[in-house]
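Asks: So that we are looking at the same thing, I have put the structure below in structure tokens.
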Amino acid sequence: MFDFFSARRPETLGSKAMIATSHPLATAAGLEILVLGGKAVDAALAAVAVQCVVDPLMTGIGGDCFALYAPASGGVRALNGSGRAPAAASVAALKAAGLGDAIPQTSPHAVTVPGAVSAWCLLHRDLGTLPLARIFERAIGYAEAGFPVTPRVAQDWANHAGLVGQDAHAAAVFLPGGRAPAPGEVIRQPLLAARLREIAAGGADAFYAGATGAAMAGHLSGLGGLHTAEDFAAGAGAAFWTDPIHASYAGHDIYECPPNGQGLAALVILKILEGFDLGPDVPLADRLHLHAEAGKLGYFHRDALIGDPAGCPDLTERLLSDEVIGALRARIRMDRALPPALWDEPEHKDTIYLACVDEDGNAISFINSIFHAFGSTRLDPVSGVLFHSRGAQFRLIEGHPNAIGPMKRPMHTIIPGMVMKDGQVAMPFGVMGGQYQASGHAQFLSNVFDRGMDLQAAMDEARSFAFDGVLELEPGIPEEVRQDLAARGHVLRIATSPIGGSQAIAIDRAAGVLRGGSDSRKDGMALGF
């Protein structure tokens, strides 16, 4: 029996189609498209366009996008919608511009040419069925007439008001009256409505080329960036289809996008964990310790080895080999936390995700991001585009796989996921939360497959995240477990805000039912029919 007293919400059930997002207006827009007979891609595009309007600190048309598409007929396709650095970008050029060891969030050099619009238009060209003007109708309406700010969005907005206020153009849009909007306050973005109309009418070229592309390039160049109109014009064709990567876990095949995404790190973490008992009877402290240790190893390899796809040949096969996974697994000790190391060495952030399944059984796992809250905080006043900060992921180290360079794509934290079973799609799923996403994939799937939890319970479970030398714990983790972890050598920090968010839709073929979940840490929901 479902425990309505201790759980925040039950799973959502449907029988024909379903969409799950982190914002109610986005879910409603996607559901409307599904009711009209639109396909999963149509609904996903409607939802993400709305989310770009109503959750501007998490996502936007000035960001990047990745997707996994699983048609009912079988197989999985991966879409890479990450943008490239300007043609003039290099480690030497940025060092000469006065940068040190890292690219700051608000630097124009943190802005790669946004890839999201290119990805949306490629998805629509190949798999969409409804006109973009109809798909974007709700988003355009909210941008023009206004939308009420939801509670969690308002909280995050207020937390980052000081940063966005440093850019006068961004502040004029996002801090009306000089402050962050309160829950229920109505916000408008008329320039964003104009851009969406432009894209609906003219496709990717309307965004990247012509007056809009020139305005974006000119604004960034005026801030000291290396961007040109030619860089933006080339961005129209940046998105591309590729083969996903996958690994087995608990009798299922887990699919991720290949590098430059961090999906490979998620698979490495899962394969390490597969060698341990993580069932429902395992003590919580042991389970959190194992996730932390496997996560540290996965992230260490991510940061050392993953970058632009052209620079990572054969990396997936090497890291997922039995030899490497076995060596990594052997490094884990149950009695104490250890520093991570590469497998062959001697021992010594803001995003929205959505999932959708249509009446034909096609599924899409879709993620769109501007990286940090409000991205780079840099907003072009002519086009109204708020730029992401994904280029901050580049390394300023010559020879590093993720070193910035001409037309290179940075390592990405945003990763959609797809579960397959016996050749058929079983569950599109994803986790938001910047760096957390690879660990989040592993924790969510372990909760579902190892512990037998339903989707909503698996999402709402108190989370932990080991990164950068610290094990962060949500407040719901008991004090005795914290003390146990500290005794093993973990440096602990209690999270002051929720760790990530997630959505998923499981296809229960035997029962003829769709089961959806949407993280209670966000304002969103799963809806179906």
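The values are calculated or read from the model by the stated rules, or taken from the named source; none is laboratory data. In this text, all values refer to a predicted model and were calculated from it rather than measured experimentally. No Cβ is skipped: glycine too gets one built from the backbone with ideal geometry, and neighbour counts run over all protein chains shown. These area figures cover heavy atoms from the full protein model, side chains too; ligands, DNA and RNA do not enter into them. Shrake-Rupley method; radii C 1.70, N 1.55, O 1.52, S 1.80 Å.
Asks: Quote the relative contact order of the range 471-529 in percent (integer), defining contacts as alpha-carbon pairs under 8 Å separated by 6+ residues.
Replies: 26 percent
Asks: Nearest 20 debye, what's the magnitude of the dipole of the chain about its Cα centre given +1 on Lys and Arg Cβ and -1 on Asp and Glu Cβ?
Replies: Result for the chain is approximately 860 debye, rounded to the nearest 20.
Asks: Next question, about the same structure. Once phi is turned into θ = phi - 60°, what whole-Hz ³J(HN,Hα) does the Karplus curve with 6.51, -1.76 and 1.60 give for every residue of the range 172-179, x standing for Gly and Pro?
Replies: Going residue by residue, I get 4, 8, 9, 10, x, x, x, 8 Hz, with x marking Gly and Pro.
Asks: Sum -39500 (n - 2.57) across every DSSP H segment of at least 4 residues in the chain, then divide by the residue count to get the 222 nm mean residue ellipticity, nearest 500.
Replies: Helix-only estimate at 222 nm: -10500 deg cm²/dmol.
Asks: Now for a different question. Classify the range 97-215 as rounded, prolate or oblate, taking a ≥ b ≥ c as the square roots of the eigenvalues of its Cα gyration tensor: rounded when a/c is under 1.5, otherwise prolate if a/b is larger than b/c and oblate if not.
Replies: Verdict is oblate for the range 97-215.
Asks: What number comes out for the charge environment of S82, summing +1 per Lys or Arg and -1 per Asp or Glu over other residues with Cβ under 11 Å away?
Replies: Local charge sum for S82: +2.
Asks: Can I ask one more? For the range 27-116, max minus min Cα coordinate along each principal axis, in Å, sorted largest first?
Replies: Per principal axis, max minus min of the Cα coordinates gives 55, 32, 18 Å.
Asks: Then there's this: Greater than 20 Å separation of Cα atoms is the criterion. Which listed pairs, K16/K39; K271/K421; K95/K296, meet it?
Replies: Check vs 20 Å cut-off fails for K95/K296.
Asks: Moving on. Taking a ≥ b ≥ c as the square roots of the eigenvalues of the Cα gyration tensor of the range 172-237, is the shape rounded (a/c under 1.5), prolate (a/b larger than b/c) or oblate?
Replies: Verdict is oblate for the range 172-237.
Asks: Computed from these coordinates, which is mean projected area of the Cα convex hull in nm²: (i) 22.6; (ii) 39.1; (iii) 26.2?
Replies: (i)
Asks: Relative contact order for the range 221-341: what percent, with Cα pairs under 8 Å and sequence separation of 6 or more?
Replies: 26 percent
Asks: Which one of A457, H412, N362 has its Cα pushed farthest toward the positive end of the charge dipole of the range 318-468, where Lys and Arg give +1 and Asp and Glu give -1 at the Cβ?
Replies: Of A457, H412, N362, it is H412.
Asks: Would you kindly find the accessible area of E479, with a 1.4 Å probe and non-protein molecules such as ligands, DNA and RNA excluded, rounding to the nearest 10 Å²?
Replies: Approximately 90 Å² for this residue.
Asks: Give a residue-ordered list of calculated ³J(HN,Hα) values for the range 73-85 (Karplus: 6.51 cos²θ - 1.76 cosθ + 1.60, θ = phi - 60°; whole Hz; x for Gly, Pro).
Replies: Couplings: 6, x, x, 9, 10, 10, 10, 9, x, 9, x, 10, 5 Hz.
Asks: From the Cα gyration tensor of the range 301-455, with a ≥ b ≥ c the square roots of its eigenvalues, which class applies: rounded if a/c is under 1.5, or else prolate if a/b is larger than b/c, or else oblate?
Replies: The shape class here is oblate.
Asks: Taking θ = phi - 60°, what integer Hz values does the Karplus form 6.51 cos²θ - 1.76 cosθ + 1.60 yield along the range 274-283, in sequence order, with x for Gly and Pro?
Replies: 4, x, 10, 7, 10, x, x, 8, 6, x
Asks: With a 1.4 Å probe and all protein chains kept in place, how much accessible area does K95 have, in Å² rounded to the nearest 10?
Replies: 80 Å²
Asks: Sticking with this one: Hey, any idea what % of the chain's accessible area is carbon plus sulfur with a 1.4 Å probe?
Replies: Carbon plus sulfur share of accessible area: 54 percent.
Asks: What number comes out for the charge environment of I61, summing +1 per Lys or Arg and -1 per Asp or Glu over other residues with Cβ under 13 Å away?
Replies: So the surrounding residues net to -2.
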